[in-house]
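Worksheet: the structure to be examined is printed underneath.
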Amino acid sequence: MEPEKLRSASWFGRKDKDGFIYRAWMKNQGAPPDMFDGRPVIGICNTWSELTPCNGHFRELAEAVKKGVLEAGGFPVEFPVMSLGETLIKPTAMLYRNLVSMDVEESIRANPVDGVVLLCGCDKTTPSLVMGACSVNIPTLVISGGPMLKGHWKGKDIGTSDIWRFDAAHKLGQITTEEFMESEACMARTQGHCAVMGTASTMAVMVEALGLSLPNNASIPAADARRKVFSQLSGRRIVEMVKEDLTMSKILTRKAFENAIMVNAAIGGSTNFVIHLLAIAGRIGVDLNIEDFDKYSQGIPLLANIQPSGDNYMEDLYYSGGLPAVIKEMKSIIHNDAITVNGKMMGDNCAAAEVYDRNIISTMQEPFKPESGILVVKGNLAPDGAVLKPSAATPALLKHSGKAVVFENIEDYHARIDDPALDIDATSIMVLKNVGPKGYPGMAEVGNMTLPKKLLEQGVTDMVRISDGRMSGTGFGTTVLHVSPEAAVGGPLALVKNGDIISLDAHERTLQLEVSEEELAVRKAAWKQTETMQTRGYVHLYQTHVEQAHLGADMDFLKGGSGSKVSRDSH
Ligand code: FES
């Protein structure tokens, strides 16, 4: 691309009063005159925050990106956007994913950047940044922060998935409160995001499988010096991408999305992947629907033996060959000709990869688990679909009928779950309402409800659980999630009563509430919305416009994009 055609030229290329203003205030930061000679200006969109501990090292990564941009003849400019730390933000980081996407979109479009590097890490920081950038559609490259090194406690490797086990053990008195708290520091011992295939790692895999990052983005540990090298090389590459005008829409084709779904199956990615990929597709204008996740997951076994579906950690994946080695195993089924940010095709990027440990990365012929991916179930309880992750479920429960034990909302669950009088046994199906996009609001990660203490004491480890909420990517269990439409808008989930029989048949992809049509019509007529709808502020905007889970839970007015043109061109 010619320098005068760059977006930044309409700021820095001007010789008038406005050009004076644009350049002068940048020079107060020490920018030499030749930074305004028509070279590509590269925005570095940073989600660094001490309130997002997973992204706490991003200032260092940004410096590495800047080095690369300068080496390649670009002008790097770093800017912050709202950062979503999964662990601290209440009521749930997902409530703000769409808000951040607006921040990112407007920040990119409004400023003199020709290309952008997105620094993503903790769960929602990836989809929010990618969604926002898609709506602008300039050359964009993603760098993930990398996983933490695995934790060690009492002679064992530990990671985020152990939180659920430690919680159950603590509840049962098998470990003391002191031990429980001691394990915290042993688990989160280095910079980076969760060390298992939770949502953050799944998102890092997703961007690599989509072709939005250089190879090996997903698994280089945050603490490994090669993460900085990776960032520097990415900084060099984005400058070239601007010259080639390699925009997001040229990479994010339908083939790229199908690749991402197939790779997500092979690595046992989080169910949150569904909701975020749908939202990204909606922004870039690729026609993707919830059935595609089941369709393109079909027949793909679990190749990566990583928690929570397996036993190991993200660093182990890196040492065993990384994501390129997994994708190479899939070369007979993926779209090898999908273009990626380095200008090469996916198949070429992975051709030289080798597997160094077959216990971590298996073959398609002898997989770690035969069934993986995302199942989409439908029926009168979820007319628009619900999702289930078979690799994290108990096989025997994938076909199960049981009596519903209903919790009207998360407070009701907390109040009654450990009541000794609660009428529940291991064959029951736990139902949680009003944790969906509008109802919670923000679709909380509470779908893998901890089992009642009295059943844990009996040795019960899993039960069928159904909700309109989400599950942490680090969680596991036979959990039917994202039931759509949600209870708060009067979906059939709202009509379930204690004692109703529910039948799940994941093999047949069905989820049925065994109650007559007539009775459901009576219940529907009597249904009243119980959850509060906010009347002001962002939450009001969100509740008014958020779409249902099967559409990606984006806000209706944010779908698609507005391009990179600014509406007015003068002060
Ligand atoms: Fe940030 Fe898990 S809490 S990735």
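With 10 Å bins beginning at zero, the pair-distance distribution over Cα atoms of segment 276-323 amounts to 22, 30, 35, 13 %. Across segment 211-222, rounded Karplus estimates of 3J(HN,Hα) from the backbone phi angles (6.51 cos²θ - 1.76 cosθ + 1.60, θ = phi - 60°) give x, 8, 10, 5, x, 6, 4, 5, 10, 4, x, 4 Hz, Gly and Pro being marked x.
Among 478-490, 502-514, how do they line up from the highest to the lowest mean number of other beta-carbon atoms within 10 Å?
The peptides rank, most packed first, as 478-490, 502-514.
Accessible surface of the chain, 1.4 Å probe: 53 percent of it comes from carbon and sulfur atoms.
From the cross-link list K90/K559; K250/K331; K331/K433; K389/K497; K124/K228, which pairs have alpha carbons spaced over 32 Å apart?
Violating the 32 Å Cα-Cα cut-off are K331/K433.
Distance between the C-alpha centres of segment 363-388 and segment 253-299: 13 Å, rounded to the whole angstrom. Measuring with a 1.4 angstrom probe and ignoring ligands and nucleic acids, S10 comes out at about 40 Å² accessible.
To the nearest 10, the accessible area of D348 is 90 Å² with a 1.4 Å probe.
A 1.4 Å probe over all protein chains sorts R237, R254 by accessible area into R254, R237, starting with the largest. Taking the C-alpha atoms only, the angle from helix 272-284 to the longest principal axis of the chain is near 40 degrees.
By DSSP, what percent of the beta bridges with both residues in the chain are antiparallel, rounded to the nearest 5? If I count the DSSP bridges inside the chain, around 45 percent turn out antiparallel. Normalising the average separation of contacting C-alpha pairs (under 8 angstrom, six or more residues apart) by the number of residues puts the relative contact order of segment 133-217 at 40 percent. Working from the Cα coordinates of segment 434-571, the gyration tensor eigenvalues give, after taking √(5λ), semi-axes of 34, 20, 15 Å in decreasing order.
From largest to smallest, the equivalent ellipsoid semi-axes obtained for segment 299-396 from the alpha-carbon gyration tensor read 27, 19, 11 Å.
I need the per residue convex hull volume for segment 50-114, using only the alpha carbons, in cubic angstrom as a whole number.
Numbers: hull volume 5.4 nm³, N = 65.
Enclosed volume per residue, from the Cα hull, is 83 Å³.
Å³ per residue of the Cα convex hull, for segment 163-267?
Working: hull volume 11.9 nm³, N = 105.
That works out to 114 Å³ per residue.
Going from most exposed to least, what order do I238, I339 have by accessible area with a 1.4 Å probe? Walk me through the intermediate numbers first.
Working: I238 0, I339 55 Å².
So the residues, ranked largest to smallest area, are I339, I238.
Straight-line reach from K17: taking Cα to Cα under 23 Å and skipping same-chain neighbours fewer than 8 places apart, the lysines in range are K5, K27, K565.
For K497, the solvent-accessible surface computed with a 1.4 Å probe is close to 110 Å², ligands and nucleic acids excluded.
Spatially, segment 464-513 and segment 211-226 are offset by 36 Å when compared through their Cα centroids.
So for segment 1-157: antiparallel DSSP bridges make up what percent, rounded to the nearest 5?
Numbers: 2 of 18 bridges.
About 10 percent, rounded to the nearest 5.
DSSP beta bridges confined to segment 321-461 are antiparallel in about 55 percent of cases. In the chain, the longest principal axis of the Cα atoms and the axis of helix 58-71 are about 30 degrees apart.
Charged side chains reduced to their Cβ positions (Lys and Arg at +1, Asp and Glu at -1) give the chain a dipole of some 1300 debye around its Cα centre. For the set E244, E518, E445, solvent exposure ranked by accessible area (probe 1.4 Å, protein chains only) runs largest to smallest as E518, E244, E445. Couplings for segment 383-398, taken from phi via the Karplus curve 6.51 cos²θ - 1.76 cosθ + 1.60 with θ = phi - 60°, read x, 9, x, 8, 10, 8, 10, x, 6, 9, 9, 8, x, 5, 8, 5 Hz in order; Gly and Pro are left as x.
Per residue, how much accessible area does the chain have with a 1.4 Å probe, in Å²?
Working: 21640 Å² over 571 residues.
The answer is 38 Å² per residue.
For the chain, the 222 nm mean residue ellipticity estimated from helices alone, with every DSSP H stretch of n ≥ 4 adding -39500 (n - 2.57) and the total spread over all residues, rounds to -10000 deg cm²/dmol.
Quick one: what do you get for the chain if you divide its Cα Rg by 2.2 N^0.38 Å? If you can, show how the numbers build up before the last one.
Values: Rg = 23.9 Å, N = 571, 2.2 N^0.38 = 24.5 Å.
This ratio for the chain stands at 0.97.
Cys residues of the chain that find no other Cys beta carbon under 4.7 Å: C45, C120, C134, C186, C194, C350. Ranked by the mean number of other Cβ atoms within 10 Å per residue, highest first, peptides 307-316, 378-387, 456-465 order as 307-316, 378-387, 456-465.
The values are calculated or read from the model by the stated rules, or taken from the named source; none is laboratory data. If you're wondering where the values come from, they're calculated on a predicted model, not measured in any experiment. Don't worry about glycine lacking a Cβ; one is built from the backbone with ideal geometry, like all the others, and counts go over all protein chains shown. Accessible surface areas use protein heavy atoms only, side chains included; no ligands, DNA or RNA. Shrake-Rupley method; radii C 1.70, N 1.55, O 1.52, S 1.80 Å.
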